[in-house]
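The values are calculated or read from the model by the stated rules, or taken from the named source; none is laboratory data. Please read all numbers here as calculations on a predicted model, not as lab measurements. Every residue, glycine among them, receives a Cβ derived from its backbone with ideal geometry; neighbour counts consider all protein chains shown.
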């Protein structure tokens, strides 16, 4: 009788243990599923982050390129101005003595254009005429790079 | 036996993963863009030894004080180049600001 009770006890304990173990496995399974969902979400977020970083990097490169282009076209405008004063050993002073009125007229015209260049550089929007200028006679010769986006030097 | 089973099964438990995330966006600066300059046109007068008297006479006739601030041809050239340099710097600085704004506040750019 004692031995039977002993085995019944063992059997019941085993049953309860197995039940508990199964219950625990089910609980673990639920947690693992939730973890998997979270990991998938984390992976997806990481992918988005990498994509955004890639996009940011491309934007950085593009901004850098545009700034370098701007610096080089502005440098060219400055070189052109220098050429206007000194082209073929030109002496503006002597020219002004010889052709005072015409040099005065040219100076005032260029001064007005240069003034407009400063307005544009400070953020003034381009006029339609400035935007559409494609010929030498239509452009702002003091700063075509910023005043006439559609002008291609020829 | 029961205690032993519970004890053993509890040892290798799977812990729930917790991910904490809290993103607080920084306040935008949103400074107003400076108003573009509207400049007055200057009038340049060229004076030579030949026309000086005539120039001053004309000024008097126009009711303008017969006095002029002078530059030599070389200084005029330098002034023109200095202004061109200032203009270039202004343009670069403004474009730089635009690029920063475009990069850090892209939605602001779209709204504009």
- [ ] Identify, from the list A:25, A:74, the residue that is within 10 Å of chain B (Cβ to nearest Cβ), surrounded by 11 or more Cβ atoms within 10 Å (Cβ to Cβ) and touching a residue at least 40 places away in the same chain (Cβ under 8 Å).
- [x] A:74
Task: Conditions (1) at the interface with another protein chain (Cβ under 7 Å from one of its Cβ atoms); (2) in a helix (DSSP H, G or I): number failed by residue A:124 - done: (2)
Open item on the list: It is to be established whether one or more residues within the stretch B:14-29 are assigned to a helix (DSSP H, G or I), over 30 Å from residue A:140 (Cβ atoms) and facing chain A (nearest Cβ under 8 Å).
Closed with: no
Open item on the list: Any residue at all in the stretch B:47-60 that's within 30 Å of the chain's Cα centre (by Cα), surrounded by fewer than 10 Cβ atoms within 10 Å (Cβ to Cβ) and modelled with pLDDT of 90 or more?
Closed with: no
Task: Filter result for residue A:116 (in contact (Cβ under 8 Å) with a residue 12 or more places away in the chain, out of contact with any strand residue (DSSP E or B) (no Cβ under 9 Å at 6 or more places or on another chain) and either within 11 Å of chain B (Cβ to nearest Cβ) or farther than 20 Å from residue B:37 by Cβ (or both)) - done: yes
Open item on the list: Given the options A:34, A:63, name the one that is at the interface with chain B (Cβ under 7 Å from one of its Cβ atoms) and surrounded by 14 or more Cβ atoms within 10 Å (Cβ to Cβ).
Closed with: A:63
